[in-house]
Every structure is written in C-alpha cells, then in structure tokens.
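Remarks on the structure that follows.
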Amino acid sequence: MYEIKVIEEFSGAHNLKNYKGKCEVLHGHNWKVEAVLSGGVLDSHGMLMDFKDLKDKLDEVLLILDHKYLNDLPFFKKENPTSENIARFIHGELSKSVKQKIRISVWETANSCASFEN
C-alpha cells in the first residue's frame, strides 16, 4: 500500500454549541490539515497522485473555511464545528475530486488533532 501526504493550513473562528467550557466562547485557531491518500496502484508516472494536484485540491477546499466564522457555514449550521466535524467536512469535499482512500487530520493545536477516514 502506498501513501502520500500533504499538509496545509487555514485560519478560522468558531465556538462550540451546547458545550460548557472555554470553547463555548468565540475564538480562533490556525488549523493544520493533513491529507493522506492511500492506494495500491500507481499511475504511469509511478505516482499515487502528484503532490501538487493533491495540494491544489486541498487548497480549494480550505478556501471554503479560511478566515471564516465556521458556525455560519451551511455544514456547521447542523453540525458542531469541532475538529472532528471539520475533518469530516474536509474529507467530504475532497472526496468529490479525489477517488483514492483519504484520511484527513485536523490539528487544532500543536498537540491535539482529530482525524476522519472513510
């Protein structure tokens, strides 16, 4: 099995709904996002996917989130904007243009991340 990974970042604000604690108050993060593709078949160039193509596709998705109040986005009107749900959102959007298996990890801090894979 082959894997490739690209890492990008976005900045945004959110507050957690129905949560008691510091995160119920509006605050922001500089999220680090890791996109890992895996598969067993390489293309004619010997690549699972070109790093640049994956980076470009991830950047398109992150534009939806970057410098936004996440709670106002349609997906997060229904879902709490937790790191877990942000990872699921990114996975869903990226899956529209990438057919390989994807794992998305969203780092809220240098020491805390959540991942989604389907």
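Annotations
- Of residues in segment 97-118 being among the hydrophobic types (A, V, I, L, M, F, W, C) and part of a loop (DSSP other than H, G, I, E, B), the one farthest from the chain's Cα centre (by Cα): Ala110
- Residues satisfying the stated conditions in segment 97-113, i.e. closer than 21 Å to Ile4 by Cβ and among the small types (Gly, Ala, Ser): Ser97, Ser105
- Residue in segment 5-20 that is small (Gly, Ala, Ser), touching a Gly at 6+ places or on another chain (Cβ under 8 Å), surrounded by 19 or more Cβ atoms within 10 Å (Cβ to Cβ) and at pLDDT 95 or above present: yes
- Filter pass, Leu37 being at negative phi, part of a loop (DSSP other than H, G, I, E, B) and either touching a Cys at 6+ places or on another chain (Cβ under 7 Å) or at pLDDT 95 or above (or both): no
- When the test is whether a residue is modelled with pLDDT of 95 or more, loosely packed, with under 12 Cβ neighbours inside 10 Å and of a type outside the set (A, V, I, L, M, F, W, C), Gly46 passes it.
- Of the residues making up segment 73-115, those that are hydrophobic (A, V, I, L, M, F, W, C) and over 21 Å from Glu24 (Cα atoms) number 5.
- Tally of residues being part of a strand (DSSP E or B) and either on the phi > 0 side of the Ramachandran plot or touching a Pro at 6+ places or on another chain (Cβ under 7 Å) (or both) across segment 13-34: 1
- Restricting segment 49-96 to residues that are in contact (Cβ under 8 Å) with a residue 24 or more places away in the chain and in a loop (DSSP other than H, G, I, E, B), the residue that is farthest from Lys5 (Cα to Cα): Asn80
- Any hit, segment 70-91, residues being of a type in the set (Lys, Arg) and in contact with a Phe, Trp or Tyr (Cβ under 9 Å, 6 or more places away or on another chain): yes
- Within segment 1-50, the set of residues being under 12 Å from the mean Cα position of the chain (by Cα) and not small (Gly, Ala, Ser) comprises Val6, Ile7, Glu8, Glu9, Phe10, Trp31, Lys32, Val33, Glu34, Val36.
- Between Glu60, Glu24, the distinction of being at pLDDT below 95 and out of contact with any His (no Cβ under 8 Å at 6 or more places or on another chain) belongs to Glu24 only.
- Residue that is surrounded by the most Cβ atoms within 10 Å (Cβ to Cβ), among those in segment 99-112 that are over 11 Å from Val36 (Cβ atoms) and touching a residue at least 60 places away in the same chain (Cβ under 8 Å): Val106
The values are calculated or read from the model by the stated rules, or taken from the named source; none is laboratory data. This structure is a prediction, so every number in the text was calculated from the model and none was measured. As a convention, Cβ positions derive from the backbone with ideal geometry for all residues, glycine included, and neighbour counts pool all protein chains shown.
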